[in-house]
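The values are calculated or read from the model by the stated rules, or taken from the named source; none is laboratory data. In this text the structure is predicted, and so the values were computed from the model without any measurement. Neighbour counts are summed over all protein chains in view; Cβ atoms, including those assigned to glycine, are modelled from backbone coordinates with ideal geometry. Note: accessible area is taken over every heavy atom of the protein model, side chains too, but ligands, DNA and RNA are not part of it. Shrake-Rupley method; radii C 1.70, N 1.55, O 1.52, S 1.80 Å.
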Amino acid sequence: MGVLEVPEIPRGGTFSPLATLRIYTGFVRVGFINTLAYRLRYYTGIVTYFIYVSVYYFIWKAIYANGAAIEGFDFSAMLTYVAVGWIIRSFYFNNIDQDLSQQVTEGKLAMDLIKPVNIQMMYISQALGESIFRLALLTAPTAAVLLLVFHLQRPAGWINLAAFLVSVVLAFFVVAGINFAVGTLAIRLLSILGLLRAKYFLLELFSGLLIPISFFPHAFQTVLNFMPFQCISYVPLLIYLGKIQGLGLVSAIGIQLFWVLALLALGDVMWRWSRRKITIQGG
């Protein structure tokens, strides 16, 4: 992979809003172009996601053998829930925590520290560039394959479709906020491999990707209502299926936006706290 030019960052003075936007748009472009080096793996990603959905298809088909609905989901709704869930996951998924951890262990974090930008926004901008790339090369092809093979339900309506798209974008920022906050722990712990693995599986489960949160025991549902995880998969999928309507759409989007802002604030606090104990390995 060739050397990429980072966005030109003016020295001294205060950035204008337009200059700030140009800088972070440049980081989005860097993330997009960096992903080009790994584009071949997304072809296998389409196959992998198809296999995931196929496995869940047979599992849920067996569960719904008697034809009864479970917690308001019939087999068609559940199949759509699973398929659309994996489709949107291919967009909102990112590796900010792994990237930040790698920068620490390889002794490259110092290069980030000298840039007069918001580190959190820089990593999120690069991750957004990668997600935009995946949108074209993984998300869209995966959606096309699954729609051709399985009989999936359409969005509940145009309003729900628009709200669903907004919700998926907000889901990206929720995941990005969580991942950056977790990634900052690498500065103090130096190695967070075990933590990353635990976070990965917990996020898949508590986000509602594997099974709807309404299938959880009531006590777990109550606890998860006070956490941001359901904003990742569960809320967008309920919007898509029309299980959230009217003013409920405004409320759902508002809750997602709240968690985006809260997690970005948390990430900023954790970055300021962690950088006081920076130890660069290998550099």
Of those in segment 55-77 that are in a helix (DSSP H, G or I) and in contact (Cβ under 8 Å) with a residue 60 or more places away in the chain, the residue least open to solvent (accessible area, probe 1.4 Å) is Ala77
Of (1) at pLDDT 75 or above; (2) surrounded by 11 or more Cβ atoms within 10 Å (Cβ to Cβ), Thr25 satisfies every one except (1)
For this session: Assess whether Asp112 counts as being acidic (Asp, Glu) and under 30 Å from Ser54 (Cβ atoms).
Result: no
Of the listed residues (Leu170, Leu203, Leu196), the one being closer than 24 Å to Tyr123 by Cα, under 20 Å from the mean Cα position of the chain (by Cα), modelled with pLDDT under 90 and assigned to a helix (DSSP H, G or I) is Leu196
Across (1) assigned to a helix (DSSP H, G or I); (2) open to solvent by less than 80 Å² (accessible area, probe 1.4 Å); (3) aliphatic (A, V, I, L, M), Leu209 clears everything bar (1)
When Pro236 is run through (1) of a type outside the set (A, V, I, L, M, F, W, C); (2) under 21 Å from Phe201 (Cα atoms); (3) at pLDDT below 95, the failure sits at (3)
Listed by first then second residue, the pairs whose first member lies in segment 193-212 and is closer than 14 Å to Ile96 by Cα, whose partner is of a type in the set (Phe, Trp, Tyr), with beta carbons under 6 Å and at least 6 positions apart or on separate chains, are none
Query - Flag for Ile132 being open to solvent by 60 Å² or more (accessible area, probe 1.4 Å) and farther than 26 Å from Phe75 by Cβ - result: yes
Restricting segment 227-261 to residues that are assigned to a helix (DSSP H, G or I) and hydroxyl-bearing (Ser, Thr, Tyr), the one surrounded by the fewest Cβ atoms within 10 Å (Cβ to Cβ) turns out to be Ser251
Test Tyr43 against the stated conditions and say whether it is open to solvent by 20 Å² or more (accessible area, probe 1.4 Å), at pLDDT 70 or above and either touching a Cys at 6+ places or on another chain (Cβ under 6 Å) or closer than 30 Å to Arg154 by Cα (or both).
-> yes
Notebook entry, point to check: Would you call Tyr81 closer than 19 Å to Tyr42 by Cα and either open to solvent by less than 10 Å² (accessible area, probe 1.4 Å) or of a type in the set (Phe, Trp, Tyr) (or both)?
Noted result: no
Given (1) in contact (Cβ under 8 Å) with a residue 40 or more places away in the chain; (2) open to solvent by 10 Å² or more (accessible area, probe 1.4 Å), Gly183 misses just (2)
Checked Ala156, Ala162, Ala144 against criteria (loosely packed, with under 15 Cβ neighbours inside 10 Å and more than 19 Å from the chain's Cα centre (by Cα)); the one match is Ala144
Gly107 passes all but one of the listed conditions (1) in a helix (DSSP H, G or I); (2) surrounded by fewer than 16 Cβ atoms within 10 Å (Cβ to Cβ); the exception is number (1)
Over segment 126-166, the set of residues touching a residue at least 12 places away in the same chain (Cβ under 8 Å) and under 13 Å from Leu241 (Cα atoms) is Leu152, Gln153, Pro155, Ala156, Gly157, Ile159, Asn160, Leu161, Ala163, Phe164
Counting only residues in segment 87-104 that are open to solvent by less than 20 Å² (accessible area, probe 1.4 Å) and of a type in the set (D, E, K, R), the one modelled with the highest pLDDT is identified as Arg89
